[in-house]
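Reviewing the structure listed below.
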């Protein structure tokens, strides 16, 4: 009994019918349509196998190719050199986590959110209560592990986000319609950093104390009134034992920042078709195992609680989030923040201060950048393949209302086009082009190269190699510099560069074989590392007959091969011999030689796991570095807080206001350290700002006095006066409160 073969229907957009909408005009107008080969795709009026060749057209394909910036080429070359050992050890490109930094960042965000929710269930509110609740978490194995996973995943999120941004930078994927993803990615990175800082603040330990002090200095640089108000708020909460609202607000801010991260992730991928959220399963499992194992064997260390009486003598520093602490209070701080602001501003402006340029433009023409998608409406049959394949949603299918019998027509949105040319390769009806030039120029360029190559090497078999402009700027550059075909073993090799390997229609490769090429090779980017997201994936699926337009059945095992390698491995791919027959008399398996995803061995997975463990361990140790505050080592701190300067007058009535200004003076050992002048006419009738000062003073025995003075009248109203011994790192916090006698200092200020 014969076996019935079930045909897998090609994918089309909803509403399109393959038999009615994806065929020639003549066939659509015919009553009876006979499909002689049900596995072949429907033909069009114009096809790549029969498109006319114009010998006068020349090689105009360079007008479609992107000219990379020299700095981007240099950055990518350096990166490829660093990645090469990893690719060599794992022996498979699809395991390289550097190709998956975007999706790994999404996975880590989910981990941070879930572990953060679990930790939230055990968190208490208040300066002391919050710190003690964190300490109690260490007594429970699961909570201790979840807290460590939360911390390590947060750090890894920063690392992967920065690596993703760096990869986007040297691939120059920030111009045109990609500006939204680039700008939102920068904002997202800043929000992740802020969320991490607030997370450290929530612990209320010595590290959080330095973060709070740094925030006060930041507010003081913006507006002193805000800084004074914040200090007064913290002091009231601390002295009154009512600090839970502050910690609740800080936790709400931390959660709001996380939600903002999730929202900006959505904006980041908003313009992408078929956005890939998570990495491949082996990376998901490996990442989770590594995080959990490292968290179990390397739990977090707890620092002492924040102390209003002394500066932290030493902490462990996380440079990913707290990189600014070593510069706090020094001359380097303005340079650090100024430099970061400048870098951020330049990065945000990159899409507009730079532009994509074509490798070659018409002589004398003004540079207008790369050509964008152009639909030849008279040829379009509404088959929806171009709209399906576009990674950026630059083509939309709408209902057709002209005299054509097809239901849909493709409409392009040039503002969303990135000039990848994938739509050109998806249209077997030769109805899609880039710019004003007809799509036939693709075959014109190939035919010209074949003719010249056969003339220069008539006695050698000729291999035609297609590659993308990314490979052309790296590993293929030495071969392209030669005039004419290059010799590889006993074969003459002619290299044709296209914007992306996804630009190539399968029928064009078939026609190249018919025109005299001995074999055709496609050299594209590794899995998940295509500059145009899906160009390499669609190209592989087309030539392995898994996606329309697919390679014609008659050429399913034709000498067409592919190599999916990093751009610096072009020479190795070029020298790969054609597959040999498995046994005498059998045909070589060319179909297998085109596949992108080879079998992954357990050895490769083990190497990947070990490398991920080593990378995370490096992060753990490098983000737990000992750090000692320069201020704590060399000086003590005097903090003076007087909320209401009028209280002494209202309470005692013992001070006669002079006509001249009131002078409030802070003295240390008889030296005036701060002084404020007030108009007596408005002193009681208008609000008076609190007097808040923080001074670094040398350790030792000091006499400190704060008083209203009237030198000519020799009258003085003393707020407080004391003599005390201070050692390095001490904080003398003097909070004036008329309910206490003598005025309270430090921990004695309890209401």
Within 30 Å of residue 597 (Cβ to Cβ), over 21 Å from the mean Cα position of the chain (by Cα), outside any loop (DSSP other than H, G, I, E, B) and at pLDDT below 90 - does that describe any residue in region 54-62?
yes
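For (1) in a strand (DSSP E or B); (2) at pLDDT 95 or above; (3) farther than 23 Å from residue 549 by Cα, each residue gets a yes or a no:
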{"site": "393", "(1), (2), (3)": "no, no, no"}
{"site": "401", "(1), (2), (3)": "no, no, yes"}
{"site": "404", "(1), (2), (3)": "no, no, no"}
{"site": "423", "(1), (2), (3)": "no, yes, no"}
{"site": "429", "(1), (2), (3)": "no, no, no"}
{"site": "436", "(1), (2), (3)": "no, no, yes"}
{"site": "445", "(1), (2), (3)": "no, no, no"}
{"site": "453", "(1), (2), (3)": "no, no, yes"}
{"site": "482", "(1), (2), (3)": "no, no, yes"}
Restricting region 371-391 to residues that are assigned to a loop (DSSP other than H, G, I, E, B) and without any contact (Cβ under 8 Å) to a residue 60 or more places away in the chain, which is surrounded by the most Cβ atoms within 10 Å (Cβ to Cβ)?
380
In the set 632, 556, 581, the lone residue that is surrounded by 14 or more Cβ atoms within 10 Å (Cβ to Cβ), modelled with pLDDT under 90 and out of contact with any helix residue (DSSP H, G or I) (no Cβ under 7 Å at 6 or more places or on another chain) is 632
Of (1) part of a loop (DSSP other than H, G, I, E, B); (2) out of contact with any strand residue (DSSP E or B) (no Cβ under 8 Å at 6 or more places or on another chain); (3) in contact (Cβ under 8 Å) with a residue 60 or more places away in the chain, residue 511 fails just (1)
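Conditions tested, residue by residue: (1) buried (at least 20 other Cβ atoms within 10 Å of the Cβ); (2) on the phi > 0 side of the Ramachandran plot; (3) at pLDDT 95 or above.
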| position | (1), (2), (3) |
| --- | --- |
| 92 | no, no, no |
| 124 | no, no, yes |
| 129 | no, no, yes |
| 146 | yes, no, yes |
| 151 | yes, no, yes |
| 167 | no, no, yes |
Here are some residues: 412, 347. Which one is buried (at least 17 other Cβ atoms within 10 Å of the Cβ), modelled with pLDDT of 90 or more and in contact with a helix residue (DSSP H, G or I) (Cβ under 7 Å, 6 or more places away or on another chain)?
347
Test: residue 168 is in a helix (DSSP H, G or I), under 13 Å from the mean Cα position of the chain (by Cα) and without any contact (Cβ under 8 Å) to a residue 24 or more places away in the chain:
yes
Heads up, the helices (runs of 4 or more DSSP H) in region 171-274 (entirely inside) with at least 1 residues that are at pLDDT below 90 are 206-222, 224-240
Within region 290-312, is there a residue that is in contact (Cβ under 8 Å) with a residue 60 or more places away in the chain and under 21 Å from the mean Cα position of the chain (by Cα)?
yes
Which of the numbered conditions does residue 297 fail, given that it passes all the others? Conditions: (1) touching a helix residue (DSSP H, G or I) at 6+ places or on another chain (Cβ under 8 Å); (2) closer than 30 Å to residue 140 by Cβ.
(1)
Counted residues, region 497-515 - those being over 11 Å from residue 443 (Cα atoms), surrounded by fewer than 24 Cβ atoms within 10 Å (Cβ to Cβ) and out of contact with any helix residue (DSSP H, G or I) (no Cβ under 6 Å at 6 or more places or on another chain)
2
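The values are calculated or read from the model by the stated rules, or taken from the named source; none is laboratory data. Fair warning: this is a prediction, and the values are worked out from it, not measured in the lab. Every residue, glycine among them, receives a Cβ derived from its backbone with ideal geometry; neighbour counts consider all protein chains shown.
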